[in-house]
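I have placed the structure first, in the form of structure tokens, so that the comments after it can refer back to it.
Every number in this text was worked out from the coordinates using simple rules, so none of it is lab data. Computed from a predicted structure; not experimentally measured. As a convention, Cβ positions derive from the backbone with ideal geometry for all residues, glycine included, and neighbour counts pool all protein chains shown.
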Amino acid sequence: MTNYDCDVSPEKILDKLSTLLCEERIAKEVDEPIDLAAHTFRLKITIPVNHFKFNQVTSAFVRHLYRNGVALSHGLSEEEALAEAIFLLEGHYQNEEAKGYDKALLDAVGTDIEGFEMVLYRLADAIKTVERKKYIQWVFVDNFFHLGWELQQRIVSFYLKQNEVYLQTPLIDLNSVRLVDHFCELLLNHLSDDNLINQVLANSIHFK
């Protein structure tokens, strides 16, 4: 154990992780810049939309969001942007009937501009999903993964002690050493449950 590890408080690290990973912080750091970039996207779409126009607009939209909406902005060529748009649609575009690029194309092609707008909305959401994962990974790399093993174990032990009232018995009984490799998932699930409870409470107050 290094002197640095001895001086670091597990409580402070947990507080920082919880702050950086709360839904409000992630929305501010990831979602809001992407939403702003999406709202500033300007490209005239002619009706009816055809396959060529669909590819042109979706690739331009992705280029715009990657340049103006993500934390590590970067420029893409037209070919790279189209490939990224297809990749995102294949992995994230879905409705009750089907999913993927072909379904997005079917929803957008035609005389109704609302279908195309829905595709762009879903593309923005897909980019948010990808960037959220990057942000979460960065938070853990910067605040947990680089720490020494003994300090990581102290953090997990403190977390279990701090939340023993809420955690299920099997987790409390486990040695903290066995949970170090699963701590990230454990903390994210915990914070996700807290977000859900807060939403339920907020809705119940709103509808009183």
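Laid out as a table, the results:
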read-out: Coil-residue trypsin sites (Lys or Arg not before Pro) of the range 1-71, DSSP, other Cβ within 10 Å capped at 11; value: Arg42, Lys44
read-out: Entries of Lys12/Lys128; Lys53/Lys103; Lys28/Lys133; Lys28/Lys99 with Cα pairs more than 19 Å apart; value: Lys12/Lys128; Lys28/Lys99
read-out: Built amide H within the under 5 Å cut-off of Gln94, gap 5+; value: Gly100
read-out: The range 3-201 - Rg over Rh from alpha carbon coordinates, Kirkwood radius; value: 1.10
